[in-house]
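The values are calculated or read from the model by the stated rules, or taken from the named source; none is laboratory data. In this text the structure is predicted, and so the values were computed from the model without any measurement. With ideal geometry, Cβ positions are generated from the backbone for all residues, glycine too; neighbour counts draw on all protein chains shown.
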Amino acid sequence: MEHILLAEDNADILSIMAEMLLSEGYRVTATLNGAEALDAFRVETPDLIVSDIMMPRLDGFGLLEAVRAHPQGLGVPFLFLSARTESAVTSRARSLGADDYIFKPFAPDDLLVAVKAKLERRRTLQLFDTRSAHLQTVSMLANVIEARESYTRGHVERVQSYALELARALGWDQEALAVCEYGALLHDIGKVRVPRAILNKRGPLLYREWALLRRHPETGARMLENIAHLQGARPYIFSHHERWDGTGYPARLAGKDIPREGRLLAVVDAYDSMTSDRPYRRALPAAAALHEIGRLRAAQFDPEVAEVFIFLRQRELNGRH
Ligand SMILES: [Fe+2]
């Protein structure tokens, strides 16, 4: 339930506003001046502040300034309630970071509409903040993987952008796309446990080296076991080396038993590997890599996913000429 802090020195107006907001299902703290409101703010950060300007002890400007000076108060929307329309007042309030005004006398709907709009905006911003902070952490992890593998520069970012484009073309919903955004970045996270000498070896791998490398999907999935907000990435990590014909690893799943995240990533991961230089071979041209994916469709890859991917990349290649 969202919490609204009210500051208004006219007790009648205050109780009317409080009633209106309570009946809409909000939690309300009603205070009679800026000083009281500031005390309440310090006890609990509200989701929105609606404040009169002229009030005893501490006026609306003083309250806004004190709230914005507090780290917790920087993002709290602040709505002024005012009978005064002078531009000087308005611009002062703007420069202090007020978000909007409601002019007295106001109709009940004016207040409710403004409150709803401000809270909505706050939710969007919070979501955006969490998401971008989250993606920054994930990118940092992905960079750690890349740094250890000298020849994969840019690999995870390219895989991410191919994966998102492909998922979108396959009609995945917004939530699945948001998970894809970080799942694709993290798919090789388990490689942090594979010795560098193996990751960067120029010659063919010995059996025991290869066995160690093959553990990275399981290692990665286990690393994320207790990180609640990254659970969505686990199918990308665990299943990206499974093969449609059941000869992949680690679980030797076949066909649609392989989670769709793994089937999607297998195609884009293979394509990016083929089109990148490796210590032991040069990159394949894009057209040749697509031909190879077409050839391996139904053996290594989900045929439908492979076909859509080939279509997308070919369209891109043709567009360039
Ligand atoms: Fe991998």
Going through segment 215-233 in order, the residues found to be free of Cβ contacts under 8 Å to residues at least 40 places away in the same chain and either under 22 Å from residue 270 (Cβ atoms) or within 16 Å of the ligand (Cβ to nearest atom) (or both) are 215, 216, 217, 218, 219, 220, 221, 222, 223, 224
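Does residue 179 satisfy the criteria of being more than 15 Å from the ligand (Cβ to nearest atom) and in contact with a helix residue (DSSP H, G or I) (Cβ under 9 Å, 6 or more places away or on another chain)?
Values: more than 15 Å from the ligand (Cβ to nearest atom): yes; in contact with a helix residue (DSSP H, G or I) (Cβ under 9 Å, 6 or more places away or on another chain): yes.
So residue 179 fits the description; yes.
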Over segment 261-291, the set of residues charged (D, E, K, R), surrounded by fewer than 16 Cβ atoms within 10 Å (Cβ to Cβ) and either in contact with a Ser or Thr (Cβ under 9 Å, 6 or more places away or on another chain) or touching a residue at least 12 places away in the same chain (Cβ under 8 Å) (or both) is 277, 278
Cβ pairs under 7 Å, 6+ apart or interchain, first in segment 10-36 and on the phi > 0 side of the Ramachandran plot, second at pLDDT below 95 and not acidic (Asp, Glu), ordered by first then second residue, are 25/1
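Would you mind finding the one in 60, 75 that is crowded, with 22+ Cβ neighbours inside 10 Å, under 30 Å from residue 129 (Cα atoms), small (Gly, Ala, Ser) and modelled with pLDDT under 95? Quick ask: steps written out before the conclusion?
Working: 75 fails: crowded, with 22+ Cβ neighbours inside 10 Å.
Matching residue, one of 60, 75: 60.
Please tell me if residue 49 is surrounded by 14 or more Cβ atoms within 10 Å (Cβ to Cβ) and touching a Pro at 6+ places or on another chain (Cβ under 8 Å). So that I can check it myself, show each step before the final result.
Details: surrounded by 14 or more Cβ atoms within 10 Å (Cβ to Cβ): yes; touching a Pro at 6+ places or on another chain (Cβ under 8 Å): yes.
Answer is yes for this residue.
In the list 158, 131, 153, 168, which residue meets the criterion of being assigned by TED's automatic domain parsing to the domain that holds residue 261, within 26 Å of the chain's Cα centre (by Cα) and modelled with pLDDT under 80? Lay out the reasoning, then the answer.
Details: 158 fails: modelled with pLDDT under 80; 131 fails: assigned by TED's automatic domain parsing to the domain that holds residue 261; 168 fails: modelled with pLDDT under 80.
Result: 153 is the single residue among 158, 131, 153, 168 that is assigned by TED's automatic domain parsing to the domain that holds residue 261, within 26 Å of the chain's Cα centre (by Cα) and modelled with pLDDT under 80.
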Among (1) surrounded by 12 or more Cβ atoms within 10 Å (Cβ to Cβ); (2) under 24 Å from residue 10 (Cβ atoms); (3) at pLDDT 75 or above; (4) out of contact with any helix residue (DSSP H, G or I) (no Cβ under 9 Å at 6 or more places or on another chain), residue 107 falls short only on (1)
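Restricting segment 1-32 to residues that are outside any helix (DSSP H, G or I) and farther than 14 Å from residue 50 by Cβ, which is modelled with the highest pLDDT?
Residues of segment 1-32 outside any helix (DSSP H, G or I): 1-10, 24-32.
Now narrow it down to the ones that are farther than 14 Å from residue 50 by Cβ: 1, 25.
Values: 1: 87, 25: 93.
Step by step, filter segment 1-32, then rank; the result is 25.
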Residue hits (segment 151-176; of a type in the set (Ser, Thr, Tyr) and in contact with a helix residue (DSSP H, G or I) (Cβ under 8 Å, 6 or more places away or on another chain)) are 152, 162
- Determine whether segment 242-251 contains at least one residue that is over 19 Å from residue 265 (Cα atoms), away from the ligand (no atom under 16 Å from the Cβ) and not basic (Lys, Arg). no
